[in-house]
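Please read the structure below before turning to the comments.
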Amino acid sequence: MTGRVETKPGRILEISSVANPAIKKIRGLSLKKNRDAEGVFVAEGMKLIIDAFENGWEVETLVHAAKLSSSSQVQEIAAKARVKGAQILQVSEKVLSSITRKDNPQMMIGVMRQAWADVAKAAVTSQSAWLALDRVRDPGNLGSIIRTVDAAGADGVILVGDCTDPYSLESVRASMGSIFNVPLVRMTVEEFLGWRICWSGMVIGTHLEGAVDYRSLDYQNAPVLLLMGNEQHGLPDNLSGACDHLVYIPMAGSADSLNLSVATGVVLFQMAKRTGKGIMVS
């Protein structure tokens, strides 16, 4: 399994068979072990490809429906990709469906290299705001959270422990292009706890037994790290113990909790309001 199809950079190929070796290799990227081995992933849809270009990402292989080969927009995108050495595959809709496993697939797909940030090298200021996620399991949740982090103007996401892959098709889809604008960091629990000791700001975690209303904290004039727990079990003791404050979100109805992505958005936008980052809410 290799992420890049075995053709010369910049070459255009027409493919109609789902058994084509190049297509098999791309289809294999639906498996995390193959994405991890090659360090690449698949993004589907013209919008995501354009978002990737606008954020400085490069496409290693561009796949598009052959029927769109005369489209001026498709030609422009393909030309940008070819300049950077990408291979261009013009394929049938049947082939596109085999890659995305959807009956009505997007007409363009890109294979790109994963990007992982080093939070230790990030510039930390009084307005810095990071999100850490403990063992998030649902790829749709993770993609939505990445999109929310982008919208709220936070600096990035730290994935702690055994999290779902942000570069899965489902997560990339749910991010709606924000995957290309939000730095992602991977840490084991031990690495995170070691790094947290050096964090110069405030660490807050959401918890059902939290003692502080999330709206009452002063998020101003200090870096803030928001720590969110697993969808089912919340924060374990070792991570909740690393927080300066455990907060709760008041519930007006009979529900006792929120979906992880919703809860994360609620607190992130409160942080954005106080720190002056992101969209202002009154």
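Here are the numbers for the structure shown:
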{"item": "In the range 76-121, residue nearest to Thr61 (Cα to Cα) [restricted to those that are assigned to a loop (DSSP other than H, G, I, E, B) and basic (Lys, Arg)]", "result": "Lys84"}
{"item": "Those residues of the range 167-207 which are within 14 Å of Val224 (Cα to Cα) and part of a loop (DSSP other than H, G, I, E, B), in sequence order", "result": "Trp199, Ser200, Gly201"}
{"item": "Matching option when the condition is assigned by TED's automatic domain parsing to the domain that holds Ala242 and either charged (D, E, K, R) or in contact with a strand residue (DSSP E or B) (Cβ under 9 Å, 6 or more places away or on another chain) (or both), among Gly177, Gly140", "result": "Gly177"}
{"item": "Residue check for Thr164: without any contact (Cβ under 8 Å) to a residue 60 or more places away in the chain, out of contact with any strand residue (DSSP E or B) (no Cβ under 7 Å at 6 or more places or on another chain) and not in a helix (DSSP H, G or I)", "result": "yes"}
{"item": "Failed condition for Ser175, given (1) surrounded by fewer than 24 Cβ atoms within 10 Å (Cβ to Cβ); (2) under 23 Å from Glu58 (Cβ atoms); (3) under 10 Å from the mean Cα position of the chain (by Cα)", "result": "(1)"}
{"item": "Meets criteria (at pLDDT 90 or above and aliphatic (A, V, I, L, M)) for Leu217", "result": "yes"}
{"item": "Selection from the range 22-42 of residues that are over 16 Å from the mean Cα position of the chain (by Cα) and β-branched (Val, Ile, Thr)", "result": "Ile23, Ile26"}
{"item": "Meets criteria (touching a residue at least 12 places away in the same chain (Cβ under 8 Å) and either among the polar types (S, T, N, Q) or under 18 Å from Ser128 (Cβ atoms) (or both)) for Pro236", "result": "no"}
{"item": "Boolean, Ile77 is buried (at least 18 other Cβ atoms within 10 Å of the Cβ), of a type in the set (Val, Ile, Thr) and over 20 Å from the mean Cα position of the chain (by Cα)", "result": "yes"}
{"item": "Filter pass, Val224 being surrounded by 19 or more Cβ atoms within 10 Å (Cβ to Cβ) and touching a helix residue (DSSP H, G or I) at 6+ places or on another chain (Cβ under 8 Å)", "result": "yes"}
{"item": "Evaluation of Gln73 against (1) in contact with a strand residue (DSSP E or B) (Cβ under 9 Å, 6 or more places away or on another chain); (2) touching a residue at least 12 places away in the same chain (Cβ under 8 Å) (one fails), failing number", "result": "(1)"}
{"item": "Complete set of residues in the range 112-134 that are more than 27 Å from Ile49 (Cα to Cα) and surrounded by fewer than 21 Cβ atoms within 10 Å (Cβ to Cβ)", "result": "Ala120, Lys121, Ala123, Val124, Thr125, Ser126, Gln127, Ser128"}
{"item": "Lone qualifier among Phe41, Phe53 - being outside any loop (DSSP other than H, G, I, E, B), outside the structural domain of Asn181 (by TED's automatic domain parsing) and touching a residue at least 60 places away in the same chain (Cβ under 8 Å)", "result": "Phe41"}
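The values are calculated or read from the model by the stated rules, or taken from the named source; none is laboratory data. Keep in mind that what you see is a predicted model, and the values were worked out from it rather than measured. FYI the Cβ positions are ideal-geometry reconstructions off the backbone, even for glycines, and counts take in every protein chain you see.
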